[in-house]
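Working notes for the structure below.
The values are calculated or read from the model by the stated rules, or taken from the named source; none is laboratory data. Since the structure is predicted, the reported quantities are computational estimates derived from the model, not experimental observations. We place every Cβ from the backbone using ideal geometry, glycine too, and count neighbours over all the protein chains shown.
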Amino acid sequence: MLRATLSRSIGRAILRRQLSSSNASRPLGRAAKFVGGGIALGAGLGGGYYMLTPKPVLAKDDSEIEDVDALIIGGGIMGATVAVMLKLLQPKWKVKLVEQHDRVAQESTNEWHNAGTGHAALCEPNYTPLNKKTGEVEIDKAVATNQKFMISLAFWSWLVEMGILPDGTFIQPAPHILFVHDEAGRDWLRKRVEKLKKLPAFAATEYTEDYDKINSWVSLLCSGRPRDGGDPIACSRHPDGTEVNYGLLCRNLVQSLIELGGDVQLLSTVTALQQQPDKSWLVAVQKNDLTPTNQTVRARFVFAGAGGGSLRILQMAGIPEIAGYGGMPVSGKFLVCQKPEIIEKNRNKVYGRAAIGAPPMSVPHLDWRTIYGKDCIFFGPFAGFSPAVFKMSGTPLDWLSTFNFSNIFPMAAMALQNMDLVKYLVTEVFSTKEAQLAALRKFVPDAKPEDWTMVWAGQRIQIVKPDSKVGGKLEFGTEVLSSSDGTIVGLLGASPGASVSPHIAIEVLNKFDCGASNAFNWHVALSQWIPSYGRDINAEPGLYEQVMDKARKVLLHGKTSGYRSGFATANHLFDRMDADKDGVLTLDEIARYLTRHTSMQKEQIQTLVEAIDQDKSGDISREEFDKGFAKVVAGLVRRGSIAGKWEDDVQVPQKSA
Ligand SMILES: Cc1cc2nc3c(=O)[nH]c(=O)nc-3n(C[C@H](O)[C@H](O)[C@H](O)COP(=O)(O)OP(=O)(O)OC[C@H]3O[C@@H](n4cnc5c(N)ncnc54)[C@H](O)[C@@H]3O)c2cc1C
C-alpha cells in the first residue's frame, strides 16, 4: 500500500517536472484552449465516473486469495502468446489467464477485426519512407520488422512441429504485393526494391511496370483498367507473404495453454491492482456471475495484455512509469467482398501508399482473407472514431476514465501537433459511400457498390506519450512498459501487433524481474526453438532460407499445413459419403449424401459429379474427389494451385521431408 502511494507520488513529481520544463507556458492559442477544454471536460467526466463507481474490495484473508506465479490479463493474441511462452519456459509455474469476455480473441485479435496480414515488411509502404532531404528510401524499419516476423514464423513452426499447436491451419501463403499508381510512386517503389533486394530476406522481390505482368499477379487490379492511357502503375511482389487468422491462432494457443497445465478463466474482469510489501500484486477479478463479490488473485508477476484496456490497468496499478501516458482511439472499417468470381482475381495481400496526412496504419490494402474456408476480400481500413477502448463491450467512460491530471497536457499537446491527423480522421468519419468507393476504385477500377459491404473492424488505442520537448507525442507502434521492479509489464499500442507477437512476448518476459535470474536458461531454450533468435537473418548466409524452408514445410505447404488439413477434411468427407466402403463414390452415394445435407437439386448434383469425374468412368475416385473438391471449394482451389506449384518448383530438404 505504502509502495503504491509512493509510486503515485513519484509519478506526480515526474509529471510536475515535465510540465515545468516543457513549453507549458507558451501561449497555446484558441485552438489549444478548445482542445484543452475538451480534454479537461473528458477527464472530469471520467474522474467523476470513477468516483461514483463502487471500489473493488481486495480480500485480506489468505484463505480467500488464489496464489499464482504469473497472472496474464487479456485473452488476445498477446496474452495467449506470453502465457504459452512462459508456461513452456517455466513448466512448474502456475500461470493464469483472465479474460473479460465469454471467449478469447474477441477484440482486436478476432479474425474479422484485423486484416490478417503477416507483417513482414514485404509490402507495407510505411516501413520504407522516402527521406525528403536525401531522396533515399529508408529501409531500417522494414528490415527490423521483417526480422521480428521471422521470429514469429520460426516460433509457430516449432510449436506445430512439437505438436503444441495442432497444425498450420491459421496461416496461408499469400504473395505480398505493393501497388502504386502514379509516377512519384513508381520512382519510390523502384528505389525501395533496389535497396531491399540486396538482402536475403527481400531477394525474391520482383518489380514490374508491365500491365500484363500485373494482370497475371493480381487480375483484380486490372479489372476495368485500360491497358494504355491510364494511370502509370507499378507493383512489387514477394512470394513469401502470408495471410494469418490471428483469432484461430489465439484460440489454438489458449487451448495449448490449458493442455500445458495453465489456467484460463473467462467472464472475469480485472478491476483493481495493489502491490504488497513483498512486491507481489493483489488483483481484484470481478467474476461476471450472480455474486457481487470480487475474487482476489495474488501474483508474483502480472502481464497487462489487455489491448485497449492495458493503459487503464497500468494506471490502476499506480506505477510511476505510466504517468503522462494517454490513449487515442482510432477505429477501423473494412469493405468486404464475398463474391467468388471477384475473390478468384486476388489471392494476395496488396498494399498501396497512404494519403497525405493519413496515419501509417491507414495505408489502403486489398487483402485476400480466408476465414475457416470462407474466402473473401477486405479493402481498407477506413478510419472511424468511437470514443471507446473496446469494440465488443464497454462505454465511452472506459476511455474517459483514462484521463487524469498527468496526461491532460500531453494529450492536448498531441492533439495540437496532429491537426493533419485530426482533419484526416474527421474527413474519414464523415466520408460518403461515393468517397469510399472512389478509394476502392483506385485499386479495382470497375468495383460495384453492390459487391462490397462495410464492416467495423477492431479498435486501436494509439499511445500518447509525454515528451519533454513538445509536451506530448502520438506513437503508432507498440511499447512494452514495465515497473522498475520488473513485477508488472504492460503492452501499449497496436502495430505491427499480432504479426510480431512472439517477439513482443520475448521482450515482455525479459522485462520481468524473473527474466534476469532465468536469462541463461531462457536464452538457451529460445535459441533452440527459434533459429534466428538473437541472430541477424540478413547477415548470416542461409539463415533466412533455413527459417523460411521450415515454415514452408510445417506451416504453409507440408503435412501439417492448413492446405493439407483441407485435404484431410476432404478425405474424411469422402469416407462419410462412401457408404459401401469400396473406395469409390457412385453418383447414387454422392446424391444421397448431398440431398440429405444440402439444398442442392438433383440436376446440380449430376452436373457436379460430371465435372469431378475427370476420367468419365461414372465413379469418383479419391484422387478425383480431392481435385474436384478443390475445384468446388474456392479456398482449396488457391491452396491447391500454390502448394502444387511449390512442390514442383522447390526441393523439400530430405531430412525434413
Ligand atoms: C483495423 C485493424 C487492422 C489490423 N490489421 C492487422 C494485420 O493485418 N496484421 C497484424 O499483425 N495486426 C493487425 N492489427 C493489429 C492486431 O489486431 C493487434 O495488434 C492485436 O490483435 C492485439 O492483440 P492484443 O492481445 O494485444 O489485444 P486484444 O486482441 O484487443 O486482446 C485484449 C484482450 O484483453 C481483454 N481485456 C481487456 N481489459 C481486460 C480486463 N480488465 N480484464 C480482463 N480482460 C480484459 C479484452 O477483452 C481482449 O480480449 C490490426 C488492428 C486493427 C484494429
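Could we say that residue 314 is within 24 Å of the chain's Cα centre (by Cα), assigned to a helix (DSSP H, G or I) and either surrounded by fewer than 19 Cβ atoms within 10 Å (Cβ to Cβ) or of a type outside the set (S, T, N, Q) (or both) here?
Values: within 24 Å of the chain's Cα centre (by Cα): yes; assigned to a helix (DSSP H, G or I): yes; either surrounded by fewer than 19 Cβ atoms within 10 Å (Cβ to Cβ) or of a type outside the set (S, T, N, Q) (or both): yes.
Spelling it out, residue 314 is indeed within 24 Å of the chain's Cα centre (by Cα), assigned to a helix (DSSP H, G or I) and either surrounded by fewer than 19 Cβ atoms within 10 Å (Cβ to Cβ) or of a type outside the set (S, T, N, Q) (or both).
Taking residue 560, is it of a type in the set (Val, Ile, Thr) and touching an Asp or Glu at 6+ places or on another chain (Cβ under 9 Å)?
Working: of a type in the set (Val, Ile, Thr): yes; touching an Asp or Glu at 6+ places or on another chain (Cβ under 9 Å): yes.
Criteria met by residue 560.
Residues that are in contact (Cβ under 8 Å) with a residue 40 or more places away in the chain and more than 16 Å from the ligand (Cβ to nearest atom) within region 448-460 comprise 451, 452, listed in sequence order. Within region 59-109, the set of residues being more than 7 Å from the ligand (Cβ to nearest atom) and in a loop (DSSP other than H, G, I, E, B) comprises 59, 60, 61, 90, 91, 92, 93, 94, 102, 103. If residue 347 passes every condition in (1) in a loop (DSSP other than H, G, I, E, B); (2) away from the ligand (no atom under 13 Å from the Cβ); (3) surrounded by fewer than 19 Cβ atoms within 10 Å (Cβ to Cβ) but one, which one does it miss? Checking residue 347 against (1) in a loop (DSSP other than H, G, I, E, B); (2) away from the ligand (no atom under 13 Å from the Cβ); (3) surrounded by fewer than 19 Cβ atoms within 10 Å (Cβ to Cβ), the one that fails is (3). Considering region 242-261, and only residues there that are in a loop (DSSP other than H, G, I, E, B) and surrounded by fewer than 23 Cβ atoms within 10 Å (Cβ to Cβ), the residue that is nearest to the ligand (Cβ to nearest atom) turns out to be 260.
Based on this model, can you work out whether residue 264 counts as at pLDDT 95 or above, in a strand (DSSP E or B) and surrounded by fewer than 24 Cβ atoms within 10 Å (Cβ to Cβ)? It would help to see each step written out before you state the result.
Working: at pLDDT 95 or above: yes; in a strand (DSSP E or B): yes; surrounded by fewer than 24 Cβ atoms within 10 Å (Cβ to Cβ): yes.
For residue 264, the condition - at pLDDT 95 or above, in a strand (DSSP E or B) and surrounded by fewer than 24 Cβ atoms within 10 Å (Cβ to Cβ) - is met.
Residues that are surrounded by fewer than 20 Cβ atoms within 10 Å (Cβ to Cβ), away from the ligand (no atom under 12 Å from the Cβ) and assigned to a helix (DSSP H, G or I): does region 383-405 have at least one? There is at least one residue in region 383-405 that is surrounded by fewer than 20 Cβ atoms within 10 Å (Cβ to Cβ), away from the ligand (no atom under 12 Å from the Cβ) and assigned to a helix (DSSP H, G or I).
Checking each residue of region 279-297 against the condition of being touching a helix residue (DSSP H, G or I) at 6+ places or on another chain (Cβ under 8 Å), more than 10 Å from the ligand (Cβ to nearest atom), of a type in the set (Lys, Arg) and outside any loop (DSSP other than H, G, I, E, B) gives no match.
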